[in-house]
């Protein structure tokens, strides 16, 4: 039976480091205030001249190099993002041009912070269909471009980055074993950029009211996340026929260390099994899972044969997870 194996991975963040003290204008002793509430120490912001496609391109090239894959071998490119370069065309087409993947078809998908997990589901099914051999998935976001920097509840949380994986057809028993994807549109208003499309086009007035910036009902999202994450873990474990103690690593969406602490306590899973980088990068939205995956593949924390559970949650509301054997 065909399965989707990870053939290569790559991650990239901008050079500009933004420490918590950057936000001293919002709150006294911002470093202590932000770290105690989120676990974040610093994040990266793209330069004015850098776009989502720039970060995605670098991550893609690193993944190709890591996997020893020629861009012409790619059948498909998926860019998972909620901060595309433009509303049209697809950022994936820009990446396709940049990396010379002339034989691929390319498109974007947006499930906000769940985008990478949703992208893995799409890529996995493309491969399992037997029609496509290699799919490049890139999670990339530049939330620094859409933040309201007067909102202390959201501005310090986010950073920019891109994480990429190349999935390929295999029969070794490694790769994606199980997946679960869900959404609940009744909660769409909890995470949004109100003035950003046809519902409420950007105008001088909407800009003045900062309706073209990111808005989040933080407390409601925290309640949602702490309820849904244990369900993702339980569902995937049951579907995969594995016990919680058999899972070697968990890669959660890098939103807030308080959420991870709560989940570890609620499920009884040791916190050291949760792989994190949010202290250095903040919440990189669609990039977060790919960045953690690449980092821990390269540094040897994730070893061949190990079971890894990845999960994401975000706007929509949306959530999902995948269980992989490396």
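Taking the numbered list (1) touching a helix residue (DSSP H, G or I) at 6+ places or on another chain (Cβ under 6 Å); (2) surrounded by fewer than 18 Cβ atoms within 10 Å (Cβ to Cβ); (3) under 21 Å from residue 148 (Cβ atoms) in turn, residue 20 passes all entries but (2). Only one of the numbered conditions (1) at pLDDT 95 or above; (2) part of a helix (DSSP H, G or I); (3) surrounded by 20 or more Cβ atoms within 10 Å (Cβ to Cβ) is violated by residue 251, and that is (2).
Given the options 297, 280, 239, name the one that is at pLDDT below 95 and either farther than 20 Å from residue 41 by Cβ or in contact with a strand residue (DSSP E or B) (Cβ under 8 Å, 6 or more places away or on another chain) (or both).
239
State whether the residues of segment 30-50 include one that is more than 23 Å from residue 197 (Cβ to Cβ), out of contact with any strand residue (DSSP E or B) (no Cβ under 6 Å at 6 or more places or on another chain) and surrounded by 22 or more Cβ atoms within 10 Å (Cβ to Cβ). So far as segment 30-50 goes, yes, one or more of its residues are more than 23 Å from residue 197 (Cβ to Cβ), out of contact with any strand residue (DSSP E or B) (no Cβ under 6 Å at 6 or more places or on another chain) and surrounded by 22 or more Cβ atoms within 10 Å (Cβ to Cβ). For segment 303-310, check the following and say yes or no: at least one residue is within 15 Å of the chain's Cα centre (by Cα) and either more than 29 Å from residue 18 (Cβ to Cβ) or assigned to a strand (DSSP E or B) (or both). Yes, the conditions are met somewhere in segment 303-310.
For residue 292, indicate whether it is in a loop (DSSP other than H, G, I, E, B) and either within 15 Å of the chain's Cα centre (by Cα) or surrounded by fewer than 24 Cβ atoms within 10 Å (Cβ to Cβ) (or both).
So residue 292 does not fit the description; no.
Candidates are the residues of segment 197-225 that are over 30 Å from residue 261 (Cβ atoms) and in contact (Cβ under 8 Å) with a residue 60 or more places away in the chain; the one that is surrounded by the fewest Cβ atoms within 10 Å (Cβ to Cβ) is 197.
Restricting attention to segment 66-108 and to residues that are within 12 Å of the chain's Cα centre (by Cα) and in a strand (DSSP E or B), the residue that is farthest from residue 191 (Cα to Cα) turns out to be 79. Tallying residues that are buried (at least 23 other Cβ atoms within 10 Å of the Cβ) and closer than 28 Å to residue 300 by Cβ within segment 80-108 yields 1.
If you go through segment 254-289 and keep only what is in a helix (DSSP H, G or I) and under 14 Å from the mean Cα position of the chain (by Cα), you end up with 278, 281, 285, 286, 287, 288, 289. Does segment 156-163 include one or more residues that are in a loop (DSSP other than H, G, I, E, B) and within 30 Å of residue 17 (Cα to Cα)? Yes; the residues of segment 156-163 include at least one that is in a loop (DSSP other than H, G, I, E, B) and within 30 Å of residue 17 (Cα to Cα).
When the criteria are applied in full, residue 142 fails the requirement of being touching a strand residue (DSSP E or B) at 6+ places or on another chain (Cβ under 6 Å), buried (at least 20 other Cβ atoms within 10 Å of the Cβ), more than 15 Å from residue 312 (Cβ to Cβ) and assigned by TED's automatic domain parsing to the domain that holds residue 59. A single member of 306, 245 is out of contact with any helix residue (DSSP H, G or I) (no Cβ under 7 Å at 6 or more places or on another chain), free of Cβ contacts under 8 Å to residues at least 12 places away in the same chain and surrounded by fewer than 17 Cβ atoms within 10 Å (Cβ to Cβ), and it is 245. Residues satisfying the criterion are present in segment 157-168 (criterion: farther than 26 Å from residue 14 by Cβ and either surrounded by 16 or more Cβ atoms within 10 Å (Cβ to Cβ) or free of Cβ contacts under 8 Å to residues at least 24 places away in the same chain (or both)).
The values are calculated or read from the model by the stated rules, or taken from the named source; none is laboratory data. From a predicted model like this one, the values you see are computed outputs, not experimental measurements. Note that each Cβ is placed from the backbone with ideal geometry, even for glycine, and that neighbours are counted across all protein chains shown.
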